[in-house]
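These notes concern the structure reproduced below.
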Amino acid sequence: MSRRPVAQLNLAALGHNLQRVQQLAPASKILAVLKANAYGHGLAKVAQALVAADAFAVARIDEALALRTAGIVKPIVLLEGFYEAAELPVLLANNLQTVVHNELQLQALEQATLEGQLKIWLKVDTGMHRLGIAPEQFDEFYRRLWQCSSVQPGIRLMSHFCCADLPGVAKTEQQLTMFQQLVADKAEQCSLANSAAIICLPQSHFDWVRPGLMLHGISPFADQQGHQHQLQPVMRLSSRLIAMRQIQPGETVGYGANWQAETATWIGVIAIGYGDGYPRHAVSGTPVWLAGREVKLVGRVSMDMITVDLGPEPSETIGAEAVLWGPELAIERVALCAETIPYELLCNITPRVDYQYLCE
């Protein structure tokens, strides 16, 4: 029996979620966002499975080159753009598209002497205040890009929501209105909708939608779960019960002795911890699915182990499977107990975990 935690990745569920995006935004092309190792799911494997996506987006050039090395030929967009002019020939040689979001990038393109032209996505800041040119710069940047010999005709226009996962917040409508006004007289393809907007803001879909988290079956809304949007979880993180012991009332469990048994009970030890990516700040009471029933985490999360309360008469035996999140236990619930978001849980999975890809 291996004590190594296992992350099973259901590629059929991934395909289902992509189809769900298509159902929600039938008139839009899909720019599947695969940054951060495809949200911890495996960059190349996920890209290879998403055959119906129209293009892929990553944050950085090393991610894009890793996809090309893996044989991915679909268009790839660098969401953070290029960092220095020396990267431009690399982008061209590897058929990579780039976001432009500042003056230095624009100047580098204007000064470059390339043996071809690059596809450009011009990003405008409508309120996120992270990347993107100011709205008042938009017309000038658009004109200069069209005049630039290093740029392909047909500049794609984009922005990014900051509150789309908070339904009813006025900021989202303000951003949408600003973007619509900026692009109204431009005959270009546009992109604004992330996962949350794909689900709840159809007027923002435009020509390209950019699903990320929802591709992996997870709700972008903190108070909802993926199944409420007809999504299926792709990752199933599991491990094994490796020890059991009975404790008496008043005895404590774990570092800091901060959990104390109120009655006689059995404690189970599961071989996973923050060294594997399980959240260290998960509190006592966090659910774990063990051999067909839900039990609760007790005590602090250790580097290699967690402890759960099995109750006074447990039916489990050593070797029983524990699911930390997956179809049996929504990752959204675990994230709430750890005061974090599913994105972080997925991205924090470490190389100690064994990845297994399933087609069904």
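Brief remarks follow.
- Within the accessible area of the chain (1.4 Å probe), percent carbon and sulfur: 51
- Residue of Ala222, Ala93, Ala193 that the Gaussian network model of the chain assigns the largest fluctuation, springs spanning Cα pairs under 10 Å: Ala93
- Annotation for region 34-93: GluC sites (Glu not before Pro) lying in DSSP loop with at most 12 further Cβ atoms inside 10 Å of their Cβ are Glu84.
- Nearest-0.05 FRET efficiency for Arg4 and Ala85, computed from C-beta distance (R0 41 Å): 0.35
- Calculated FRET efficiency for the pair Thr340/Thr263, C-beta based, R₀ 35 Å, to 0.05: 0.70
- For the chain, Kirkwood radius (reciprocal of mean inverse C-alpha pair distance, Å): 22.2
- Nitroxide proxy distance, nm - points 7 Å out along Cα→Cβ at Gln107 and Asp207: 2.9
- Solvent exposure of Val183, expressed as accessible area, is near 10 Å², computed with a probe of 1.4 Å over the protein chains only.
- Length released on extending from Lys171 to Asp54, taking residue separation times 0.36 nm less the Cα-Cα span: 39.2 nm
- In the full protein context, the chain carries 44 Å² of accessible surface per residue, based on a 1.4 Å probe and ignoring ligands, DNA and RNA.
- Simple spin-label estimate for Glu321 and Gln147 gives 6.4 nm between the two label positions (7 Å along the Cα-to-Cβ direction from each Cα).
- Per-residue accessible area (protein heavy atoms, 1.4 Å probe) orders Thr263, Thr252 as Thr263, Thr252, starting from the largest.
- Farthest towards the positive end of the charge dipole of the chain, among the residues Gln180, Ala108, Leu241, is the Cα of Leu241, using unit charges on the Cβ of Lys, Arg, Asp and Glu.
- Share, in percent, of DSSP beta bridges within the chain that are antiparallel, nearest 5: 55
The values are calculated or read from the model by the stated rules, or taken from the named source; none is laboratory data. The structure displayed is predicted, hence computed values, not measured ones. Every residue, glycine among them, receives a Cβ derived from its backbone with ideal geometry; neighbour counts consider all protein chains shown. Please note that ligands, DNA and RNA were not included when accessible areas were found on the heavy atoms of the full protein model with its side chains. Shrake-Rupley method; radii C 1.70, N 1.55, O 1.52, S 1.80 Å.
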